[in-house]
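S.K.: Pasting in a structure now, in structure tokens, and then I'll have a few things to ask.
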């Protein structure tokens, strides 16, 4: 039997790229728009993102390092999640550029803003789905021995949802027509949800 590649993360993985991100994936992208207390607007993608609860609907993203988005959500308690699609891939990638606080990534990426209904940060107008969120909790992550990590988990309750009408088919959101973009393994890899990748299974019982 071929021997596993075993490593202890604290001692390094010994590979060209950290496999952790590639194994836990593809992952949905947290494309987060926020606004600071001074009115500055920020738009940035986060690869550590997911949904965590139905009632109330809670989503969360992790900021590795104290980035501008973290500053904004701490100051104002609001953010918007925007669905990243294949059509918006290049624009989404452009918003990942390192920029000084106060630089508007909407402008950098050539994206139009749309107003939210219940929160102050703008939505990405071209995105077919937007979640308006109120911050529920911000938690600094820590290891099992209690050592703090330079990472903060931002959890937000979804208080408003925008869905493009063409993606609602017979009362069901059409995930496979949305061309959802996902973060995959390696430094540059992404994946797209396509109809041919669909698999249906019924839960037992």
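Any read-out appearing in this document is the output of simple, stated calculations on the displayed coordinates, not a laboratory observation. In this text, all values refer to a predicted model and were calculated from it rather than measured experimentally. Don't worry about glycine lacking a Cβ; one is built from the backbone with ideal geometry, like all the others, and counts go over all protein chains shown.
S.K.: Please find, in a Gaussian network model of the chain (springs between Cα atoms separated by less than 10 Å), the residue of 49, 79, 176 whose mean-square fluctuation is greatest.
M.R.: 176
S.K.: For a footprinting-style exposure proxy, rank 5, 162, 13 by other Cβ within 10 Å, fewest first.
M.R.: 5, 13, 162
S.K.: Grab the Cα-Cα distance for residue 75 and residue 168, subtract it from 0.36 nm times how many residues apart they are, and report the gain in nm with one decimal.
M.R.: That pair, residue 75 and residue 168, stretches by 30.0 nm at full extension.
S.K.: Here's a follow-up. Taking every pair of alpha-carbon atoms in the chain, give the share separated by more than 28 Å as a whole percent.
M.R.: Percentage above 28 Å: 32.
S.K.: In nanometres, what is the gap between the two model label sites at residue 200 and residue 118, each 7 Å from Cα along Cα-to-Cβ?
M.R.: Taking the simple label geometry, residue 200 and residue 118 are separated by 3.2 nm.
S.K.: Report the label-to-label distance for residue 5 and residue 67 in nanometres (one decimal), using points 7 Å from each Cα along the Cα→Cβ vector.
M.R.: Each label point lies 7 Å from its Cα, and together they span 2.6 nm.
S.K.: Return the distance in nm (one decimal) between the two label points of a simple spin-label model at residue 24 and residue 87, each offset 7 Å from Cα along Cα→Cβ.
M.R.: Roughly 3.2 nm, to one decimal.
S.K.: Taking the alpha-carbon set of the stretch 23-139, what are its Rg and Dmax in Å?
M.R.: 13.1, 39
S.K.: Based on alpha-carbon centroids, what's the gap between the stretch 160-184 and the stretch 1-73 in Å, whole number please?
M.R.: About 22 Å separates the Cα centre of the stretch 160-184 from the one of the stretch 1-73.
S.K.: For residue 161 and residue 13, what is the calculated FRET efficiency with R₀ set at 41 Å and r taken between the beta-carbons, to the nearest 0.05?
M.R.: 0.60
S.K.: Nearest 500 deg cm²/dmol is fine: what mean residue ellipticity at 222 nm does the chain get from its DSSP H runs of n ≥ 4 alone, each adding -39,500 (n - 2.57), divided by its residue count?
M.R.: Computed mean residue ellipticity for the chain: -3000 deg cm²/dmol.
S.K.: Another one. Work out the FRET efficiency for residue 97 and residue 37 from their Cβ-Cβ distance, taking R0 = 25 Å, and round it to the nearest 0.05.
M.R.: With a Förster radius of 25 Å, E is 0.60.
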